[in-house]
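Right, one structure below, let's go through it.
The values are calculated or read from the model by the stated rules, or taken from the named source; none is laboratory data. From a predicted model like this one, the values you see are computed outputs, not experimental measurements. All Cβ positions, even for glycine, are placed from backbone atoms using ideal geometry, and neighbour counts span all protein chains on display. For accessibility, only protein heavy atoms count, side chains too; no ligands or nucleic acids. Shrake-Rupley method; radii C 1.70, N 1.55, O 1.52, S 1.80 Å.
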Amino acid sequence: MRYKKEKIIVTCGEYDPLDSIEIDFLKRCKSKGDWLVVGVHADWWMQWARGGLVQNYDTRREILSHNKFVDE
């Protein structure tokens, strides 16, 4: 029995707040593979790197999870 190999694309970012440029980027990522896995930077990283954040981690993760092209 042969199994179909699936191509998994992994990316991460701030997504604070998610904007149209990032949505286009995620759509292009999804078009390159079968699965799109998106990581979200932690709140502590946002504080350290940017000096603050607009939306907390849980909110950013929730918003991304409702996009049809994001699998995980």
- Note on the structure: The lone condition Val70 fails out of (1) open to solvent by 70 Å² or more (accessible area, probe 1.4 Å); (2) of a type in the set (A, V, I, L, M); (3) assigned to a loop (DSSP other than H, G, I, E, B) is (1)
- Task: Identify the residue in the range 51-67 that is assigned to a helix (DSSP H, G or I) and among the β-branched types (Val, Ile, Thr) and, among all such residues, is nearest to the chain's Cα centre (by Cα).
- Result: Ile63
- Query: Quick one: how many residues across the range 1-50 are open to solvent by less than 80 Å² (accessible area, probe 1.4 Å), among the charged types (D, E, K, R), over 15 Å from Asp71 (Cβ atoms) and in a helix (DSSP H, G or I)?
  - Reply: 2
